[in-house]
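Reviewing the structure listed below.
Values quoted throughout were computed directly from the atomic coordinates according to the rules given, and no laboratory measurement underlies them. Keep in mind it's a predicted model, so treat the numbers as computed, not measured. All Cβ positions, glycine included, derive from the backbone under ideal geometry; neighbour counts span all protein chains shown.
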Amino acid sequence: MSDDPKPAAPKKGGKLKKMLVIGGGALLLIGGGGAAGMYAGGKLGGGEGHEKKEDPNRPKLVLKEGEHGPETARGHDGDGTPDDTELYKATYYPIEQSFTSNLTDTNGFAQIAIGVSTYYDQKVIDNLKENEMPVRSAVLMTLADQQAEVLSTPEGKKELQKKLKVAINAVLKDKTGFGGIDDVYFTNFIIS
């Protein structure tokens, strides 16, 4: 007998087991991530208990008379202008007091009067009336940031309309959780 211990036999399949464990772990992570994404997107676990509940106080789009369509359709941003405006009735609301502000680049000023439109129900107009003071402030701040030379062009006026729409909707979203103003119109426009 020899005192030399016998060399250990090499393990069979060691590399294969390691590769299977790593591959299985990777598949588990990918599958779990995909399932989590589907769950978050509402595609998984979509029984009746997982349906998105709509707030009954949220403004609704108003269909034109004789039109049939999705009464709760939404625009691309969730509470803006619907994609298919020809189906919906616009409501117009003039803001009573005009807005006067100095302009940024001159000693001049601008005085404007505006009205707004919405394709949503009366709740949007009511929200606008209830939040008139912060809306007026946002309009004045937007107007004060304008240049007389730009406002004297048709393109400048159109750009101001867009900025006012964004400013008014931002206030309404902040105060009520919903914007809903689809357009802003000038009813008076003076630059001096």
State the answer as a single residue: which of 166, 140, 153 lies farthest towards the positive end of the charge dipole of the range 124-175, with beta carbon charges of +1 for Lys and Arg and -1 for Asp and Glu, about the Cα centre. 166
Under the Karplus relation with 6.51, -1.76 and 1.60 and θ = phi - 60°, whole-Hz ³J(HN,Hα) for the range 156-165, x at Gly and Pro, equal x, 5, 5, 5, 5, 4, 4, 5, 5, 4
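Would you work out the charge dipole size for the range 85-191 about its Cα centre, treating the Cβ of every Lys and Arg as +1 and the Cβ of every Asp and Glu as -1, and quote it to the nearest 20 debye?
120
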